[in-house]
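Peer 1: Below is the structure I would like to discuss, written out as structure tokens.
The values are calculated or read from the model by the stated rules, or taken from the named source; none is laboratory data. Worth saying up front: this structure is predicted, and the values here are computed from it rather than measured. Note that we place each Cβ from the backbone using ideal geometry, even for glycine, and neighbour counts take in every protein chain shown.
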Amino acid sequence: MSVTDRKTKKVLEGVFLSLSAGKKRITGYTGKAGVFKFGGLAAQRFYLTAILKEFTFKFNGESIDQDGAVTIKDGQHISIQVEATRVAFSANGKIKTLAGKPVNFGIVTATSTGKSEVASITGPQGDFKVMGLLPGKDYTLTFSENASIIRTIPEEIKVMIEDEEEVFGLTFYGIYEKKSITIEGTVFFEGEQIDTADTLSATRSLFVSA
């Protein structure tokens with residue numbers, strides 16, 4: 001069987017397929033060509049399920065019903081076309097420091113009407129991909145769950161899925177916690193008479209952009 005995107009007509013890789021009959025269940029994923037083959041099946045009635053986040057599926061073929069029920073007869077080879085319709089989309093971006101280094105730990109959350117709906121854990125290069133955003137709905141993206149980051153610039157990003165397209169190029173800049181270094185030493189004043197050496201203590205606040 002083959003799986004294609006209804007709108008773009010492109011094949012879909014990574015679609016999870018499950019063929020079940022009673023307690024028997026066979027599973028697999030479509031490859032780069034969008035195809036997967038179930039072989040060695042007994043003559044009986046099976047139920048086909050296709051799963052890929054952000055998509056719904058429609059089955060096309062003479063031997064399959066729209067609910068996924070397919071009957072295989074002895075010696076029969078059948079071909080099933082699976083049509084995928086995208087119903088949700090993703091927001092993609094990065095979180096990095098002001099120095100341009102990736103922030104490789106944290107969570108980007110999408111909130112709509114006060115409810116946190118979907119989240120993405122940042123990757124090793126600071127990349128995030130928040131999936132499952134519905135078209136025409138306003139979302140607010142925020143970054144959290146990194147104790148070293150005291151805030152981000154901007155603090156939030158507004159996103160709306162328009163024209164059924166993914167959103168790319170979003171960027172958060174993480175501001176690290178300020179650290180203090182205390183420097184203590186003895187200061188001698190040349191040319192002046194002092195009874196004892198005065199001790200100078202200084203604290204310098206450092207802005208860390210690592």
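Peer 1: For the stretch 127-158, which residues satisfy the criterion of being in a strand (DSSP E or B), over 15 Å from the mean Cα position of the chain (by Cα) and either closer than 19 Å to residue 97 by Cα or touching a residue at least 60 places away in the same chain (Cβ under 8 Å) (or both)?
Peer 2: Result: 149, 150, 151, 152, 153, 157.
Peer 1: Take the stretch 1-24 and flag every residue that is among the hydroxyl-bearing types (Ser, Thr, Tyr) and in contact (Cβ under 8 Å) with a residue 24 or more places away in the chain. Break it down stepwise before answering.
Peer 2: Keep residues of the stretch 1-24 that are among the hydroxyl-bearing types (Ser, Thr, Tyr), which gives 2, 4, 8, 18, 20.
Within the stretch 1-24, 2, 4, 18, 20 meet the criteria.
Peer 1: Something else about it: Taking the condition in contact with a strand residue (DSSP E or B) (Cβ under 6 Å, 6 or more places away or on another chain) and either modelled with pLDDT under 95 or in the same structural domain as residue 95 (by TED's automatic domain parsing) (or both), does residue 152 pass? Working first, answer last.
Peer 2: Working: in contact with a strand residue (DSSP E or B) (Cβ under 6 Å, 6 or more places away or on another chain): yes; either modelled with pLDDT under 95 or in the same structural domain as residue 95 (by TED's automatic domain parsing) (or both): yes.
Yes: the conditions hold for residue 152.
Peer 1: Grab the strands (runs of 3 or more DSSP E) fully contained in the stretch 36-126, keeping just those with 1 or more residues being more than 17 Å from the chain's Cα centre (by Cα), free of Cβ contacts under 8 Å to residues at least 12 places away in the same chain and surrounded by fewer than 18 Cβ atoms within 10 Å (Cβ to Cβ).
Peer 2: Details: elements: 45-51, 55-60, 69-71, 81-86, 89-97, 107-112, 115-121.
Strands (runs of 3 or more DSSP E) meeting the threshold: 115-121.
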